[in-house]
1. Test of understanding: what is the full-extension gain from Ser50 to Ser264, defined as 0.36 nm times their sequence separation minus their Cα-Cα distance?
2. Starting from 0 in steps of 10 Å, tell me what percent of the Cα-Cα pairs of the chain lands in each bin.
3. Using amide H atoms built 1.01 Å from N in the peptide plane, name the residues 5+ places from Ile101, or on other chains, whose amide H lies under 5 Å from its own.
4. Name the shape class, rounded, prolate or oblate, that the alpha-carbon gyration tensor gives for the stretch 74-137, where a ≥ b ≥ c are the square roots of its eigenvalues, rounded holds for a/c under 1.5, and otherwise prolate holds if a/b is larger than b/c and oblate otherwise.
5. Pop out the ³J(HN,Hα) list for the stretch 237-243 in order, Karplus 6.51 cos²θ - 1.76 cosθ + 1.60 with θ = phi - 60°, rounded to Hz; leave Gly and Pro as x.
6. Amide H of Ala64: which non-local residues (sequence gap of 5 or more, or other chain) have their own amide H closer than 5 Å, using H built in the peptide plane?
7. For Lys329, go through the aspartates and glutamates and keep the ones whose alpha-carbon is under 13 Å away, minus same-chain ones fewer than eight residues off.
8. Answer rounded, prolate or oblate for the stretch 1-106, using the Cα gyration tensor with square roots of eigenvalues a ≥ b ≥ c: rounded when a/c is under 1.5, else prolate when a/b is larger than b/c, else oblate.
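Every number here is computed from the coordinates shown, using simple stated rules; none is lab data. Just so it is clear, the structure is predicted and the values come from calculations on it, not from any experiment. Quick reminder, even Gly has a Cβ in these numbers, built from the backbone with ideal geometry, and neighbours come from all protein chains shown.
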Amino acid sequence: MTGIRHIGVVGGGAWGTALACLARRADRRVTLWSRDPAIAASIARDRVNSVYLPGQTIEAGIDAASALDDLGSCDAILLVCPAQAVREVAARLTGDAPVVICAKGIEARSGLLMPELLAEVLPGRPLAMLSGPSFAEEVVRGLPTAVSIATVDEELGRLLASSLGAGAFRPYWTGDVLGVALGGAVKNVLAIAAGIVEGRGLGYNAAAALITRGFAEMARLGQAMGAQLETLTGLSGLGDIVLTCHGPLSRNRSLGLALGKGASLSDYMSGRRQVVEGEATAPAVLARAQRLGIEMPICAAVDAILHREATLDDAIRALLARPLRREGK
């Protein structure tokens, strides 16, 4: 590739809108497609995404697309739809430009990480994965943020970093696509657990233990799948765990916080437009771990609470009753 001048963004949610703004600040031509025509019209007419980023002015010069085919001439596509919609949306993409996956999760029905899914849906298409500790609201405000861009093609990684790196936004590139994808998926499940710990009033000691032992679960699974430990301890792994488990803007933590205070999953999700990726990812990541013989007791507890009618007290007691063992196991 000689350069990336025109970037297409698929998804008009908070993160898609923020990435569109970043690309425009990096002096790229940007075309944004939203599934909701009202959001696209609001951005084009009023320069605001009143649904997902109210109060934030959207960069001038971001074109609103009425159809996915309008992105066919782009030099790169940022795929920023929810993980469970990636298959359906990706199958409708035209052209041959590289696709940068910006969704964090595992497809529930197949158990595939996002790069594995895209390789199946768009065979032969150049792929990259963008992930890391990055709340959209802070990114669009220009606050300092660092993320990982993973691709097996280092030249593509450099081009994407320069195409999105603007102001205080710093992308780092890596070749470990699987590690970046796994970190972005598992941290959502751990953030639900962290929210439960806080909502239940279990204390700071428990919160620190949760993050540490949760990371150990991620590392065990990642290394069994071939991910690099360096990646898992980096921005897209440990970095994103820290943000999502503690940051008040985290949807996954907010779900856990509500559960910890006694709300039900159905009550919490009622009327909400934004997806909580960890809810669908929990059983999918467990199934993947079980096939590899990897224990993930914290993720299993979250899945049991969300999908198997386990009470919070029972799940907490089960974790605390596990046999004592040497650290590192």
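1. Working: separation 214, 0.36 × 214 = 77.04 nm, distance 2.81 nm.
Extending this stretch completely gives an extra 74.2 nm.
2. 6, 28, 35, 22, 8, 1, 0
3. Sorted by chain and number, the residues that satisfy this are Leu79, Ala128, Met129, Leu130.
4. On the way: a/c = 1.73, a/b = 1.11, b/c = 1.57.
Judged from the Cα gyration tensor, the stretch 74-137 comes out oblate (a/c at least 1.5, b/c at or above a/b).
5. For the stretch 237-243, the Karplus curve yields x, 4, x, 6, 4, 4, 5 Hz.
6. Leu32
7. Glu217, Glu295
8. Numbers: a/c = 1.59, a/b = 1.18, b/c = 1.35.
Note, shape of the stretch 1-106 comes out oblate.
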